[in-house]
Each structure stands twice: as structure tokens, then as C-alpha cells.
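Here's the structure, in C-alpha cells; my notes come after.
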DNA sequence: GTCTATATATTGATAGAC
DNA sequence: GTCTATCAATATATAGAC
């Protein structure tokens, strides 16, 4: 892990923002280096290629997953199941705060570069694994609220899939409703599975 | 609606295939016109710009939705709820038949061009609406299998969201499991909502 | 309506001085 | 490690003959 200051970091930072708002292909290297205040050669001193930058950005997404997505929620929300929905609420915030031009950075990048940049895809897939695993861990903390034998890994993956699909649709129609309604359906699924949690309750949360 | 033969149609056809396998930005106009066997000027005689082509392709997706996705399933599957899952199985086929380089053409395009090409986005959003509406219609045929007051429009949208998210993840990891498991979770949700349909049954299907 | 030829702009990437 | 200058390739798009 590298220091957070420095030119290289500034480039990754700028790229990250541009990529998740405009997409990878739609963003030129020039835009990135201008946003970062770096000269052209400066850029290619730090990165061999645009694909290389893509990898670095993917790795940054993976890092930020813990510090920006999961850790804050872990600290602020006690109930494990409510943590899951708090994470989903975080992605909602990204949508509305960016006027629906950005959703899930990882999902957007994965949708766009799947085949062309195998290295970056590998990192993104690691990130998806981390995402699912974290949610699975929370669900396991509350496993007695789900039916015997419920596959929590698959359920966690389903949460990710719901989020990604909902983000895509909401972004396309530029309205939050598809997102909110999808989360509501997911919530209903959880309830039908037996989870009785409600936003204020937390009968077994936080025992970690 | 235009004739299916003719140069313009050949271009749209070629573009459609390239776009949903490589993406819109990653596909150059040259590739499209070469795949269509059309000269460069020939291309720009029929389309004002690449964005224009994007619109035409989106419109084609919308057309094909009825003829290629919903109509065949309507004819071959009797039970309305099973029709929904038969459609999902169709997208599964796209994934595996293209070795995970293609999933849902509409979803891929929507994820990529959201802001840059408002006209195409409009068409895609129409297509999403048609998709949801068709599924909603099927669910309504089986509405007595769901709890009183179930919002079938939202449920239909949730099916779309699940499919899109699952396609994205399966495409990224190049494995079918995330897709199959997501559909299984959706199936479980339907069961918990009260639907008792099974692949062979159809206790109330096809009364239309 | 299709061809050849070409324009123009932008792209990703390099060379070499300081 | 950062600068100026520049490359070669690719991109979208146009002109004008037939």
C-alpha cells in the first residue's frame, strides 16, 4: 500500500471519479491528467498504459470498499441485517448525489471492460468477492433469523445482484424509484425468510 | 417499420451484434461497416453519426424484444409465472452461448451510454418499460397466487433488476453460477410470496 | 446509392531535454 | 520526476466522382 499523497495517487483519484461518472472508454487519458493537474509524460511515467490505470483504479475501488463502504456502516449500525440495508442506502446516496450519473463504481467498470482488460477484471472480481463475503458475515451474525439451512453466501450474492441491477436501471431512467422499490422487494424477501428486524429494533445485533 | 433487407438493416444488424459483445464505445464504426460489408461513405449515407447508429440499434432491441424474447415464450410456455422464468432462461442462454461476453443487450448499452446519448437512452428506457409491462401482464394472469395487494408492476421490475444484476456479475466472473443462484433466489421469493407453480404443473396457466 | 479518396480530431503513447 | 514537443494510430466524418 502506498502513501495517499503524491502524483500517482492524484492521478488514480481523478481517474476514479471520471471513470465512475463517465465510464472507462468515454474518459480520455488527457481528461484524467488534466483533472489531476499532471503533464502527459507525467502520466505515462506512472502508468504504462490506460489499461494499467484501469487496474490501479480497480485496486483503489477494492481498498475503498472496506474503508468507505463497510467500515462506516459497521461502526454506525448495530444490527447485522440493518447493516446490509445501510450499505444499500449508501449506494442510493451515490445515485442521488451524482444526479444519477454515477452508481456503483465497480459494477460500471465491470460492465464495460469485462473482456478487454483481464487484469482489471480480476481485481474487480476480487472486490465482488470481498463485498459478498462481508455481507455474508453480517448475515451469519443473524443466521438464527433465517430458515435452517439457508445458504447465506448465495443470499449475500443476491443482495449484490439486486443492488447492481437496481443501480443500472435507476441510472438509466434517472429516477430513484426503481432503486427504492428493488430494495423494498429485497426487504420483503428477507421478511418472508423470517427476518423480523426493523430499522429501530436490533434484538440480537452487535454481539460480534 | 422498414424492410429487413437492405444496406441500412445490414448495418444495424452488424452493429447490434458487435455492441452487445464488445460494448458501444469499444466498437469502432469501421468494424461495424466491415462486418456489414459496407463502405465508409455507405455507412454515413445511412447514419449521420455513431450516436445515430446507437439509437437505431436501441430501437432494434426494442423491436426484437417482442419477436425474439416474449413471443416465443408466450407460445411455448403455458403457465404465466413459468413464462417469466423461461424468459430468464433465455438470457442464461445468451450468456453461455457467447461464452459470457454478452448478456442483456439493452442493459449493457444502458450502462454504457446513459448520459452521452439521450435519444438512445430514451429508447432503451421505453424498452425497459415494455419488458416490465409484459412480465407484469403475465404476473397478473396469476395474481391469485400472490398475496392480496401485491404490487405486480414492482415485482415485475424486480425481476428485471435481478436479471440485469445477475447478468452483469456472471459476465464479469465468467461463470454461470451467480446467474443461476440469483434466479433460484428469485424463485424462492416467488414461492414465499405464495406461488406454488412448478415447472411441470400449471394449475391455472393458459386461461388467458 | 455506392465508390475512392481524404479531412480532421482525438486517441494512446514516446523521445529527449532539464 | 517533470517538462516540451511530437508520433503513430485510430476515430469520426466529409467531398465529390460515377
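Just so you know, all these numbers are worked out from the coordinates, no wet-lab data involved. Nothing here was measured: the structure is a model prediction, and the numbers come from that model. Cβ atoms come from the backbone with ideal geometry, glycine included; neighbour counts cover every protein chain shown.
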Choice from A:192, A:124, A:62 with maximal GNM fluctuation in chain A (Cα, 10 Å cutoff): A:192
Nitroxide proxy distance, nm - points 7 Å out along Cα→Cβ at residue B:184 and residue B:71: 3.5 nm
Residues in region B:62-77 that a label on residue B:126 would reach, taking backbone N under 20 Å of a point 7 Å out along Cα→Cβ: B:62-71
Nm distances between copies for residue B:51, ranked from closest, using label points 7 Å along Cα→Cβ: 3.0
GNM top mover of A:53, A:155, A:71 - chain A, alpha-carbon springs below 10 Å: A:71
Kirkwood hydrodynamic radius over Cα pairs of chain A, then Stokes diffusion coefficient at 20 °C and 1.002 mPa s, in µm²/s: 118 µm²/s
Taking B:135, B:29 and counting other C-beta atoms within 10 Å, the order from fewest to most: B:29, B:135
Rg followed by Dmax, in Å, when the protein assembly as shown is reduced to its Cα trace: 22.1, 69
Shape of region B:1-47, Cα gyration tensor, a/c cut at 1.5: oblate
For A:79, B:126, A:99, order by how many other beta-carbon atoms lie within 10 Å, fewest first: A:99, B:126, A:79
Relative contact order of chain A, defined on C-alpha pairs under 8 angstrom at six or more residues apart (%): 23 percent
Centre separation in Å (Cα based) which lies between region B:135-200 and region A:161-183: 16 Å
Highest-fluctuation residue, A:26, A:120, A:58 considered, GNM on chain A with Cα pairs under 10 Å: A:26
Cα centroid separation - region B:17-84 against region A:1-80, whole Å: 33 Å
Copy-to-copy label separations for residue A:194, where each label sits 7 Å from Cα toward Cβ, in nm and ascending: 2.3
Cα-based helix-to-principal-axis angle, B:50-64 vs chain B, degrees rounded to 10: 30 degrees
Value at 222 nm in deg cm²/dmol, rounded to 500, when DSSP H runs of n ≥ 4 in chain B each add -39,500 (n - 2.57): -22000 deg cm²/dmol
Residues of region B:126-153 with amide N under 20 Å of the 7 Å Cα→Cβ point at residue B:196: B:139-150
Ranked list, fewest to most other Cβ atoms within 10 Å of each Cβ, for B:7, A:197: B:7, A:197
At 7 Å out from Cα toward Cβ: residue A:130 inter-copy label distances (nm, ascending): 4.1
